[in-house]
Amino acid sequence: MHFIFSDEVVLLFDFWSVHSPTGMALSVLVILLLAVLYESIKVGKARLLHQALMNLSIPTSQQLIEEADQDSSSSDSLP
């Protein structure tokens with residue numbers, strides 16, 4: 001890793017060459033927008049997964065509670 005103080009650089013790929021300060025500013029803006037898009041997709045995916053788990057876990061958690069209650073009541077009756 002090193003720093004380059006020039007306005008003519010290649011960013012990420014060979015075809016993405018920058019030859020002016022305006023091009024550098026636009027490239028930074030494009031990378032920023034790609035990062036925001038990527039993070040918003042991750043958040044959307046997490047929300048969808050959370051909603052799916054909440055829809056599926058309600059009956060499952062109730063069954064687990066009922067099973068735990070039955071197990072604890074049966075263990076109390078044993079000596």
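The values are calculated or read from the model by the stated rules, or taken from the named source; none is laboratory data. Remember, it's a predicted structure, so these values are computed and weren't measured experimentally. Here Cβ is always computed from backbone atoms with ideal geometry, including for glycine, and neighbour counts include all displayed protein chains. To get the accessible areas, we keep the full protein, side chains included, count just its heavy atoms, and leave off ligands, DNA and RNA. Shrake-Rupley method; radii C 1.70, N 1.55, O 1.52, S 1.80 Å.
Residues in segment 5-22, backbone N under 12 Å from the label point at Glu39 (7 Å along the Cα-to-beta-carbon vector): list them, ranges by number please.
Counting backbone N atoms under 12 Å from the label point, the list is empty.
Sort Asp7, Asp14 by heavy-atom solvent-accessible area, probe 1.4 angstrom, most to least.
Asp14, Asp7
For segment 20-60, just list the percent of Cα-Cα distances falling in each 10 Å bin from zero outward, please.
P(r) over segment 20-60, rounded to whole percents: 27, 26, 19, 15, 9, 3, 0.
If each residue of separation counts as 0.36 nm, what is the full-extension length gain between Leu26 and Ala52 once their alpha-carbon separation is subtracted?
My answer for the length gained is 5.5 nm.
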